[in-house]
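Trainee: Could you have a look at this structure, given as structure tokens, before my questions?
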Amino acid sequence: MIDLISLLQNLSNGLLIGLVYALIGIGLTLIFSVMSTINFAHGDFVVLGMYIAVLLSAALGWDPYASLLVAIPFGFILGVFIQRTILQRVINQSQETSMLVTLGISLIIGNILLLTVGSEPKSVYTSYASDTLRFGGVHVSMVLLFAGIATAIIAIALYLLLNKTEPGRAIRATADNRLGAELIGIDTKRIQATVMGIGCLLAIAAGVTLIPLLYATPTVTGPLFTLKAFVVVVLGGLGNVRATVAGGLLLGVVEVMGAAYLSSAYREAYGLFVFLLVLLLRPQGLFGKTVTRV
């Protein structure tokens, strides 16, 4: 018989981790919605965020979450730069071309990190790594709680941007119909660069929030997070930002529950199993496709 406190403990851990997964997936689905580009370098941006936190902690003694002050603007600038200098040149080519370009970007990022920081796994130790907050009989990790809060704040800011501002309306219009958006005077090239910047900063921010929990390696961790982003997006529905949040929460809960009640050795496999089930039974995702609304 499953203990209720244990169940709530694992459920809370799964939801908090799922929030970070959702943040990764939102960036991927935003880029696809506006640019029709599947970004195979998305997980490598997550790894960049992890290494930003590692380097700032080692050089300046910064807490990893303080690194968000540097990581977020860096991520946006990097995304805009990549869009302007590389992806804009192939935006009107076939999806296969843009996918190969993003795969090339992934290889470049991974190998630059390998040459500069080495292949040894790295993480950031925090003084509150083992601290917990108690809610009834449930103990919530401070690190997980901080990660979840940081993710929630960023997601709320994105919601306000997309739904309450003029640039947000321009983003949604470009995602709905790029030609129609151009006909009413929207600079779609600027919107695409902005969205690439947002997608990149979301991935980098997720990497910063995860580094106290995980180890980063240049050429292994990136593809793993790209795969997780695809799982999250497919679970919710490609192009559906709100459903991507639900997909991230579902993936986090499935992984934690599977590890707790089945076998921790196959933690990564449980999410893939659910992913395959959704592809077979509901390939449009659990919630269908809705363009860039959160």
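What follows draws every value from the coordinates through simple rules; no lab data is involved. None of the values given here were measured: they were computed from a predicted structure. Counting neighbours? That spans all protein chains shown, and the Cβs are built from the backbone with ideal geometry, glycine included.
Trainee: What ranking do His42, His139 get, fewest neighbouring Cβ atoms within 10 angstrom at the top?
Mentor: If I rank by nearby Cβ atoms, fewest first, I get His139, His42.
Trainee: Then there's this: Could I have the simple spin-label model distance between Leu60 and Ser130, label points 7 Å from Cα toward Cβ, reported in nm to one decimal?
Mentor: Between Leu60 and Ser130, the label points sit 2.9 nm apart.
Trainee: On to the next question. If you wrap a convex hull around the Cα atoms of the stretch 142-200, how much volume per residue is inside, in Å³?
Mentor: Once divided by residue count, the hull of the stretch 142-200 is 71 Å³.
Trainee: I'd like the per residue volume of the convex hull spanned by the Cα atoms of the stretch 1-143, given in cubic angstrom.
Mentor: 162 Å³
Trainee: Please name which of Leu30, Ile109, Thr151 has its Cα lying farthest along the dipole of the chain towards the positive end, using unit charges on Cβ (Lys, Arg +1; Asp, Glu -1) and the Cα centre as origin.
Mentor: In the chain, that residue is Leu30.
Trainee: Could you order the peptides 103-115, 71-83, 16-28 from most to least packed, using the average number of other C-beta atoms within 10 Å per residue?
Mentor: So the peptides 103-115, 71-83, 16-28, ranked by packing, come out 16-28, 71-83, 103-115.
Trainee: Using only DSSP helix segments of four residues or longer, with each worth -39500 (n - 2.57), what per-residue ellipticity at 222 nm results for the chain after dividing by its residue count and rounding to 500?
Mentor: Rounded to the nearest 500, the figure is -24000 deg cm²/dmol.
Trainee: Cut-off 10 angstrom, C-alpha nodes, Gaussian network model of the chain. Which of Met35, Met50, Met142 fluctuates the most?
Mentor: Among Met35, Met50, Met142, the largest GNM mean-square fluctuation belongs to Met142.
Trainee: Same structure again: Could you check the simple spin-label distance between Thr116 and Met142, using points 7 Å along Cα→Cβ, in nm with one decimal?
Mentor: Roughly 3.1 nm, to one decimal.
Trainee: By per-residue mean of other Cβ atoms within 10 Å, what is the highest-first order of 256-269, 149-162?
Mentor: Going by the mean number of other Cβ atoms within 10 Å, highest first, we get 149-162, 256-269.
Trainee: At a Förster distance of 22 Å, what's the computed FRET efficiency of Gln93 paired with Asn177, Cβ-Cβ distance as r, to 0.05?
Mentor: Efficiency, rounded to the nearest 0.05: 0.65.
Trainee: To check my understanding: the extent here is largest minus smallest coordinate of the Cα atoms along each principal axis. What are those three numbers for the stretch 81-174, in Å, largest first?
Mentor: 55, 43, 20
Trainee: Express in % the proportion of alpha carbon pairs of the stretch 65-224 at distances exceeding 25 Å.
Mentor: 44 percent
Trainee: Right, here's the next one. Which of the DSSP-defined H helices in the chain satisfy a minimum axial length of 24 Å, computed from C-alpha atoms, and a minimum mean Kyte-Doolittle hydropathy of 0.0?
Mentor: Within the chain the helices that satisfy the rule are 4-35, 42-60, 68-85, 95-117, 142-164, 188-210, 241-261.
Trainee: Subtract the Cα-Cα distance of Asn163 and Val220 from 0.36 nm times their separation in residues, and report this length gain in nm to one decimal.
Mentor: Residue separation times 0.36 nm, minus the Cα-Cα distance, leaves 16.9 nm.
Trainee: Suppose we keep just the alpha-carbon trace of the stretch 179-293; what are its Rg and Dmax in angstrom?
Mentor: 16.7, 55
Trainee: Points 7 angstrom from Cα along the Cβ direction at Leu227 and Phe81: gap in nanometres?
Mentor: 3.0 nm
Trainee: Next up: Just to be sure I follow the rule: in the chain, considering lysines 8 or more places apart or on different chains, how many pairs have Cα atoms under 22 Å apart?
Mentor: For the chain, qualifying lysine pairs total 4.
Trainee: For a paramagnetic label modelled at 7 Å from the Cα of Arg190 toward its Cβ, which residues of the stretch 25-69 fall within the zone defined by backbone nitrogen distances under 12 Å?
Mentor: Those under the cut-off are none; the list is empty.
Trainee: Over the Cα atoms of the chain, each weighted equally, I'd like the Debye log10 I(q)/I(0) at q = 0.13 Å⁻¹, rounded to two decimals.
Mentor: -0.88
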